[in-house]
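Novice: Next up is a structure, given as structure tokens.
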Amino acid sequence: MRILFLGTGTSHGVPVIGCHCPVCTSSDPHDRRMRSSILIEEGDTSAVIDTGCEFRIQALGAGITHLDGVLYTHAHADHLMGLDDLRVFSSSGRFPIYGFQSVLDSISRIFPYAFQTLPYKGAPQLERNAVGEGEQFSVGGIVFTAIPVMHGMMRIAGYRFGSAAYLTDVSDILWNENRERLEGVRTLIIGALRDRPHWSHFTFQQAVDAARTIGAEKVYFTHINHETSYSDIQRRFAPYAESAYDGLEIEVD
Ligand SMILES: [Zn+2]
Ligand SMILES: [Zn+2]
Ligand SMILES: [Zn+2]
């Protein structure tokens with residue numbers, strides 16, 4: 001399976017509008033981060049996790065011409081607001097999206113026009129597929145498991161596929177529920193916001209500790225904010241954990 005990081009930034013993106021800090025003014029292209037999302041490809045199947053505000057730019061950059069489905073972790077704006085651009089994939093029928101029922105309910109409130117029985121011509125036409133906590137489901141030829149994690153006070157979805165897992169916006173892994181679901185995960189992509197503690201996101205160190213508890217062999221941080229540069233993260237945490245960056249491609253099995 002090929003994973004392409006479409007975006008690796010926190011909700012503001014990096015640089016932050018109006019910010020003149022060293023990271024936001026860095027000349028290193030790794031310090032330009034769009035909202036977090038990944039593309040997963042296996043054989044003829046392509047799936048995306050989350051469609052943030054820059055989804056269109058990310059899809060054009062990655063040369064995406066076809067998608068079998070989009071999986072949503074939660075309905076925060078930085079993971080969702082590119083949804084309207086899925087319209088190009090629903091010209092020949094309803095395009096499938098996946099997520100917890102609560103997330104699909106929020107999406108239906110925010111984008112009611114994407115689910116109408118008599119849709120406005122040209123509007124996205126989406127098919128809601130609710131997945132339960134711990135449920136396995138297929139998108140094309142890829143099997144995913146929905147893994148509930150805490151994001152502050154919210155239960156949101158992470159996704160496991162093969163020996164990889166994508167857990168963004170996580171502040172608690174819920175070990176009692178997920179230990180088995182995460183067994184055998186070798187590549188962990190995990191949200192790590194910054195060094196200072198945050199009520200709804202792991203720090204870099206918390207993310208590394210979680211990865212070691214899972215037994216992951218390789219860790220990629222995502223959903224990173226502007227307080228830490230790419231080169232600084234690499235210097236401190238590589239080779240075990242690395243900062244993902246927009247455009248990074250990795251192979252997992
Ligand atoms: Zn987020
Ligand atoms: Zn900044
Ligand atoms: Zn969030």
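Novice: Working only within the range 118-137, note down all residues that are aromatic (F, W, Y) and touching a residue at least 24 places away in the same chain (Cβ under 8 Å).
Specialist: The answer is F137, and nothing else.
Novice: Separate question: Looking only at the range 15-46, how many residues end up being farther than 23 Å from V139 by Cα, among the aliphatic types (A, V, I, L, M) and within 16 Å of ligand 3 (Cβ to nearest atom)?
Specialist: Number satisfying all stated conditions: 1.
Novice: Same structure again: What tally of residues in the range 42-82 results from selecting those that are aromatic (F, W, Y) and over 14 Å from D246 (Cβ atoms)? First the steps, then the outcome.
Specialist: The first filter runs over the range 42-82 and keeps only residues aromatic (F, W, Y), leaving 55, 72.
Then drop every residue that is not over 14 Å from D246 (Cβ atoms), which leaves 72.
Number satisfying all stated conditions: 1.
Novice: Moving on. Which residue is farthest from S243 (Cα to Cα), if the candidates are limited to the range 18-40 and must be within 16 Å of ligand 1 (Cβ to nearest atom) and of a type in the set (S, T, N, Q)?
Specialist: Residues of the range 18-40 that are within 16 Å of ligand 1 (Cβ to nearest atom), as a first pass: 33-38.
After this cut, where a residue has to be of a type in the set (S, T, N, Q) as well, the list is 36-37.
Working: S36: 13, S37: 14 Å.
The selected residue is S37.
Novice: A follow-up question, please. In the range 47-96, which residues are assigned to a loop (DSSP other than H, G, I, E, B), at negative phi and more than 15 Å from ligand 1 (Cβ to nearest atom)?
Specialist: I64, T65, H66, L67, D68, S90, S91, S92, R94 - these are the residues of the range 47-96 that are assigned to a loop (DSSP other than H, G, I, E, B), at negative phi and more than 15 Å from ligand 1 (Cβ to nearest atom).
Novice: Take I110 and decide whether it is over 19 Å from the mean Cα position of the chain (by Cα) and within 16 Å of ligand 1 (Cβ to nearest atom). It would help to see each step written out before you state the result.
Specialist: Numbers: over 19 Å from the mean Cα position of the chain (by Cα): yes; within 16 Å of ligand 1 (Cβ to nearest atom): yes.
Taking the combined requirement at face value, the residue satisfies it.
Novice: Another question, then. Conditions first: (1) modelled with pLDDT of 95 or more; (2) open to solvent by less than 60 Å² (accessible area, probe 1.4 Å); (3) over 21 Å from M1 (Cβ atoms). R87 passes all but one, so which condition is the exception?
Specialist: (2)
Novice: Continuing with the same structure: Considering the range 17-28 alone, what residues qualify as being open to solvent by 30 Å² or more (accessible area, probe 1.4 Å) and under 26 Å from T73 (Cβ atoms)?
Specialist: I17, C19
Novice: Go through (1) within 16 Å of ligand 2 (Cβ to nearest atom); (2) of a type outside the set (V, I, T); (3) open to solvent by less than 60 Å² (accessible area, probe 1.4 Å) and name the single condition H74 misses.
Specialist: (1)
Novice: Related question: Have a look at A130, A146 and point out the one that is touching a strand residue (DSSP E or B) at 6+ places or on another chain (Cβ under 6 Å) and of a type in the set (A, V, I, L, M, F, W, C). Spell out how you get there, then give the answer.
Specialist: Values: A130 fails: touching a strand residue (DSSP E or B) at 6+ places or on another chain (Cβ under 6 Å).
Every option except A146 fails the conditions.
Novice: Filter the strands (runs of 3 or more DSSP E) completely within the range 97-161 down to those with at least 2 residues that are under 21 Å from I40 (Cβ atoms) and open to solvent by 40 Å² or more (accessible area, probe 1.4 Å).
Specialist: Working: elements: 126-130, 136-139, 142-151, 154-161.
Ranges flagged: 126-130, 136-139.
Novice: Has the range 215-226 got any residue that is touching a strand residue (DSSP E or B) at 6+ places or on another chain (Cβ under 6 Å) and assigned to a helix (DSSP H, G or I)?
Specialist: No, the range 215-226 contains no residue that is touching a strand residue (DSSP E or B) at 6+ places or on another chain (Cβ under 6 Å) and assigned to a helix (DSSP H, G or I).
Novice: Which of the residues that make up the range 47-71 are touching a residue at least 60 places away in the same chain (Cβ under 8 Å), open to solvent by 10 Å² or more (accessible area, probe 1.4 Å) and among the small types (G, A, S)?
Specialist: G61
Novice: If you scan the range 235-245, which residues turn out to be open to solvent by less than 40 Å² (accessible area, probe 1.4 Å) and either under 19 Å from T25 (Cβ atoms) or touching a His at 6+ places or on another chain (Cβ under 7 Å) (or both)?
Specialist: Hit for the range 235-245 is S243, nothing else.
Novice: Restricting attention to the range 165-182, which residues are free of Cβ contacts under 8 Å to residues at least 60 places away in the same chain, charged (D, E, K, R) and either closer than 18 Å to E135 by Cβ or open to solvent by less than 60 Å² (accessible area, probe 1.4 Å) (or both)?
Specialist: Initial filter on the range 165-182 (free of Cβ contacts under 8 Å to residues at least 60 places away in the same chain): 165, 167, 170-182.
Those left that are additionally charged (D, E, K, R): 172, 177, 179-181.
Passing the criteria: E177, R179, E180, R181.
Novice: Turning to a different aspect of this structure: For the range 207-234, what are the residues that are open to solvent by 10 Å² or more (accessible area, probe 1.4 Å) and either within 16 Å of ligand 3 (Cβ to nearest atom) or without any contact (Cβ under 8 Å) to a residue 12 or more places away in the chain (or both)?
Specialist: D209, R212, N225, D232, Q234
The values are calculated or read from the model by the stated rules, or taken from the named source; none is laboratory data. The model shown is predicted, which means the values in this text are computed figures rather than measured ones. Please note: Cβ atoms are built from the backbone with ideal geometry, for glycine as well, and neighbour counts cover all protein chains shown. Note: areas computed on protein heavy atoms with side chains; ligands, DNA, RNA excluded. Shrake-Rupley method; radii C 1.70, N 1.55, O 1.52, S 1.80 Å.
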